[in-house]
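Okay, structure first, notes after.
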Amino acid sequence: MSGLTNISDDELVRSCIADDAKAQKLLFDRYSRKMMGICMRYAGNRPEAEDMLQEGWIKVFRNLGSFRFEGSVEGWIKRVMVNTCLELLRKNKMQYREVEIETAEEMGSLQVNSSDSLTANDLLKMVHSLPSGFRSVFNLYAIEGYTHKEIGKMLTISEGTSKSQYSRARAQLQRMLEKENKYFLVSAR
């Protein structure tokens with residue numbers, strides 16, 4: 001296995017496709033922490049994130065032969081993980097509430113007071129406490145960088161519902177932050 005540790009991702013993928021168990025373990029070891037971070041953003045708790053991670057890795061190894069070596073393997077794995085998270089959330093009946101677009105656009109941004117000590121873990125805990133529909137749209141838009149149109153297609157919801165979910169997530173996070181006397185700015189883009 002020590003001979004594999006210095007190989008490129010592309011060579012590692014080729015070895016994985018050839019059913020090299022050591023290469024498969026190395027690929028998992030190389031990216032599992034980052035992928036767990038992604039799953040934690042979508043899950044409501046650690047056990048749910050671990051289930052998402054496991055399902056995601058099953059899909060990665062099942063479909064690795066479809067990787068076209070056109071982009072990074074990390075990006076490809078990340079996309080598989082995000083899609084797996086969304087699929088599992090849909091199976092668990094993620095809830096979306098319709099809000100008029102005008103109402104969604106009127107809801108305020110979160111604001112930051114840099115003198116407060118807000119850690120990434122604090123914010124992650126707050127995001128975890130959001131309802132799954134809010135959490136998913138917030139993650140896809142604010143963290144993953146998808147447009148509301150793309151999110152709508154991914155989640156089979158309207159673009160307006162995506163905008164309203166994001167806006168409501170921001171408003172709920174704002175209330176949580178105000179309760180903690182902390183402020184955080186999330187741009188409405």
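The values are calculated or read from the model by the stated rules, or taken from the named source; none is laboratory data. Everything numeric here is computed off the predicted structure, so don't read it as measured data. Note: ideal-geometry Cβ built from the backbone for every residue, glycine included; neighbour counts use all protein chains shown.
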Query - So Glu48, is it out of contact with any Asp or Glu (no Cβ under 9 Å at 6 or more places or on another chain) and either touching a residue at least 40 places away in the same chain (Cβ under 8 Å) or surrounded by 13 or more Cβ atoms within 10 Å (Cβ to Cβ) (or both) - result: yes
Report summary line: Expected output for segment 68-80 (first residue touching a residue at least 40 places away in the same chain (Cβ under 8 Å), partner assigned to a loop (DSSP other than H, G, I, E, B) and surrounded by 10 or more Cβ atoms within 10 Å (Cβ to Cβ), Cβ below 8 Å, 6+ apart or cross-chain) is Val73/Phe67
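For segment 62-79, how many residues meet the condition of being crowded, with 16+ Cβ neighbours inside 10 Å and within 17 Å of Ser15 (Cβ to Cβ)? Even if it seems obvious, please write down each step before you answer.
Just the residues of segment 62-79 that are crowded, with 16+ Cβ neighbours inside 10 Å, to begin with: 64, 67, 73, 76-78.
So of that shortlist, the ones also within 17 Å of Ser15 (Cβ to Cβ) come out as 64, 67, 73, 76-77.
Going through segment 62-79 one residue at a time, the tally reaches 5.
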Query raised in the report: What is the one condition in (1) surrounded by fewer than 19 Cβ atoms within 10 Å (Cβ to Cβ); (2) within 12 Å of the chain's Cα centre (by Cα) that Cys39 does not satisfy?
Result: (1)
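Given the criterion part of a helix (DSSP H, G or I) and in contact with a Lys or Arg (Cβ under 8 Å, 6 or more places away or on another chain), identify the matching residue among Arg30, Arg41, Arg14.
On the way: Arg30 fails: in contact with a Lys or Arg (Cβ under 8 Å, 6 or more places away or on another chain); Arg14 fails: in contact with a Lys or Arg (Cβ under 8 Å, 6 or more places away or on another chain).
Answer to the check: Arg41.
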**Report entry** Residue list for segment 120-143, filter: assigned to a loop (DSSP other than H, G, I, E, B) and surrounded by fewer than 17 Cβ atoms within 10 Å (Cβ to Cβ)
**Finding:** Ser129, Pro131
Query raised in the report: In segment 23-33, is there at least one residue being among the basic types (Lys, Arg) and exposed (fewer than 13 other Cβ atoms within 10 Å of the Cβ)?
Result: yes
Query raised in the report: Condition test on Gly71, is it at pLDDT below 95 and either at positive phi or part of a helix (DSSP H, G or I) (or both)?
Result: no
